[in-house]
Structures are given as structure tokens and as C-alpha cells.
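Right, one structure below, let's go through it.
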Amino acid sequence: MTIDEIIDFVEGLDGTLAVRPEAGDGSPEISWGDAFFYYAPDGVVPQVTQPFATIVTKNYPGDETSRLDRPGAFRVNAAVGKETFADRTGHAPGEPAGDDEPGVTDVVIAHPVYGSAAWLAVVNPGPQTDAAVRQLLRHACDLARARYERRRRAG
């Protein structure tokens, strides 16, 4: 899977908005080249919620264990909820990950920083994780849609 294939897939999900920061748009330089996915049926970046998934193309401060400084390396990340997280990892968010290797490619792992918040990650998704990544992104979008609908009904 390429970054563009992932972005095209997520943009094809109903109500999603992909944000790709770049030079000159007012975004922090560190975010340039990455992608952030929101459930935003109005096409406007929500001001009170985090993205439901991201693609990062470089190491961020405090998040270097995936070794995204390797040529061509990137990581897709998805907020999948506690149940799906536990189903995929065999442990609850925040519990020790055991044998997760954050730099391994084409394997679903607990996010090296946000695993405790029920985020999963895949470095350089490929044939082993293509279907899983699509399923996880779809699920993360569904969870974001449900949160959006609850806030809308409550507001």
C-alpha cells in the first residue's frame, strides 16, 4: 500500500476529510507531508476533536521507535477503540505490549505512543496487512461518525 492508496481509500469513506499539511498553509513544518483524517461531513476540520487516523512520514519528538527516518518509511495509525485494540493485540490499551516491535513493517501493532489510547499502527503496510489496514481505517471512521452523531444529538 502506498500513502496515496491509503488516502484515496479513506477519502472514499462517507463523510471523511483528509488534511495534508504543506508549506505555506499555516501548519507546523513538522506536519508537512503527513495526513490527518477526520469525520467531517461538512468538509470543515473539526475544532473539538482529534483525527480518527493519521499517516506520519517522519519521526516526531518522543516517537522515534518506528524508525520513520528510514528511506520510504511511513506509518498509518488508527483510533480503533478498546475492543478492537484488544482483539488485535491480545491485551488492553495501556497494558504492556510484550513482543511488539515498533519498527517492524507490514504488521499491525499497538501504536508506540498512543497505544494506551487504543490506537493501532502499521509501518509500511503491504500484502500482509492491506485488508487489515482497510478494515481498521473503516472501523476508526465508523467510531468517529458515531461520536459526531452523539455530539450533534446532544448539542
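General observations
- At least 18 Å along the helix axis (C-alpha) and Kyte average at least 0.5, DSSP helices within the chain: none
- Dipole axis of the chain (+1 Lys, Arg; -1 Asp, Glu on Cβ), positive-most option in 132, 144, 30: 144
- Directionally averaged shadow of the range 32-155, computed from the convex hull of its alpha-carbon atoms, nm²: 8.3
- Annotation: amide H of residue 105 has no partner in the under-5 Å range at sequence separation 5 or more or interchain, hydrogens built in the peptide plane.
- Calculated [222 nm] ellipticity per residue, helices only, for the chain: -9000 deg cm²/dmol; basis is -39500 (n - 2.57) per DSSP H run with n ≥ 4, divided by all residues, nearest 500.
- Here the chain has 51 percent of its accessible surface on carbon and sulfur atoms, given a 1.4 Å probe and all protein chains in place.
- Global form of the range 1-102, assessed from the alpha-carbon gyration tensor, a/c cut-off 1.5: oblate
- Based on C-alpha pairs under 8 angstrom that are at least 6 apart in sequence, the range 17-66 has a relative contact order of 32 percent.
The values are calculated or read from the model by the stated rules, or taken from the named source; none is laboratory data. Predicted, not measured: the structure shown is a model, and the values here were computed from it. We place every Cβ from the backbone using ideal geometry, glycine too, and count neighbours over all the protein chains shown. Each accessible area value is taken on the protein alone, full model and side chains, heavy atoms only, with ligands, DNA and RNA left out. Shrake-Rupley method; radii C 1.70, N 1.55, O 1.52, S 1.80 Å.
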